[in-house]
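Q: One structure, pasted below without further comment.
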Amino acid sequence: QVQLVESGGGLVQAGGSLRLSCAASGLTFSAYTMGWFRQDPGEEREFVAATRWTDGYTYFADSVKGRFTISRDNAENTGYLQMNNLKYEDTAVYYCAATRRSTLLALTSSYEYWGSGTQVTVSS
């Protein structure tokens with residue numbers, strides 16, 4: 001059974017940093033693209049970042065470029081989202097996701113497996 005478990009969310013002031021983790025089990029983590037998405041209540045889930053399993057290439061939403069980085073430790077079956085210079089508008093539930101795909105990675109429909117999310121709240 002595949003499980004993705006996020007951790008590291010919390011309350012932080014604007015300008016602060018958080019690092020989210022995504023612990024994966026039940027799959028060969030190194031053979032899966034890992035993505036991060038976020039969702040506000042009443043809004044659609046939006047793409048944040050992804051790291052492609054085939055070559056390690058990383059993608060970011062324009063709204064987080066230069067502030068967020070994505071990484072992975074295949075030996076530990078864990079992915080990370082480092083979030084710096086956080087803004088109020090980054091407040092959301094953050095989800096990690098995994099897929100065998102290497103294209104169309106900004107689409108939620110491209111991902112096979114999802115975690116249950118971790119809340120990030122940025123105070124202004």
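The values are calculated or read from the model by the stated rules, or taken from the named source; none is laboratory data. Quick caveat: nothing in here was measured; it's all calculated off a predicted structure. Glycine gets a Cβ as well: all are built from the backbone with ideal geometry, and neighbour counts include every protein chain shown. Areas reflect the complete protein model, heavy atoms only, side chains present, ligands, DNA and RNA absent. Shrake-Rupley method; radii C 1.70, N 1.55, O 1.52, S 1.80 Å.
Q: Which order, highest average first, do 81-94, 108-121 follow once you tally other Cβ atoms within 10 Å for each residue and take the mean per peptide?
A: Highest mean packing first, the order is 81-94, 108-121.
Q: Cα gyration tensor of the chain, axes a ≥ b ≥ c as square roots of the eigenvalues: rounded (a/c below 1.5), prolate (a/b > b/c) or oblate?
A: Prolate shape, in that a/c is at least 1.5 and a/b is the bigger ratio.
Q: Next question. Run the dipole for the chain about the Cα centre, Lys and Arg Cβ at +1, Asp and Glu Cβ at -1, nothing else charged, and hand back the magnitude in debye, nearest 20.
A: 220 debye
Q: Out of 79, 16, 35, any idea which swings most in a Gaussian network model of the chain, alpha carbons joined below 10 Å?
A: Top of the fluctuation ranking is 16.
Q: Is any residue of segment 70-91 close enough, with backbone N under 16 Å, to a label point placed 7 angstrom from the Cα of residue 14 along the Cα-Cβ axis, and if so, which?
A: 84-91, by backbone N distance to the label point.
Q: Would you please name the chymotrypsin sites (Phe, Trp or Tyr not before Pro) within segment 1-79 that are DSSP coil residues with at most 15 other C-beta atoms within 10 Å of their C-beta? Display every interim value, and only then the final one.
A: On the way: sites: 29, 32, 36, 37, 47, 53, 57, 59, 60, 68; in loops: 32, 53, 57.
Sites meeting the loop and neighbour criteria: 57.
Q: With charges only on Cβ, +1 for K and R and -1 for D and E, what is the dipole size of segment 54-124 about its Cα centre, in debye, rounded to 20?
A: On the way: 6 positive and 7 negative charges, 18 e Å.
I would put it at about 80 debye.
Q: Near the amide H of residue 102, under 5 Å away, which other amide H atoms are found, from residues 5 or more places off or on another chain, if H is placed in the peptide plane?
A: Excluding prolines and chain starts, which carry no amide H, there are no hits.
Q: May I pose another question? Can you pull the percent of segment 1-104's accessible area that's carbon plus sulfur, 1.4 Å probe, other chains left in place? Don't skip to the end; give the middle numbers.
A: Numbers: 2350 of 5280 Å².
Within segment 1-104, the accessible surface is 44 percent carbon and sulfur.
Q: Tell me the GluC sites (Glu not before Pro) within segment 30-65 that lie in a loop according to DSSP and have at most 14 other beta-carbon atoms within 10 Å.
A: Those satisfying the criteria are 43, 44.
Q: Please work out the C-alpha center-to-center distance from segment 25-51 to segment 96-124 and express it in whole Å.
A: 2 Å
Q: Could you work out the relative contact order of the chain? I mean the mean sequence separation of Cα pairs under 8 Å and 6+ apart, divided by the number of residues, in percent.
A: Numbers: 311 pairs, mean separation 43.8, N = 124.
For the chain, the relative contact order is 35 percent.
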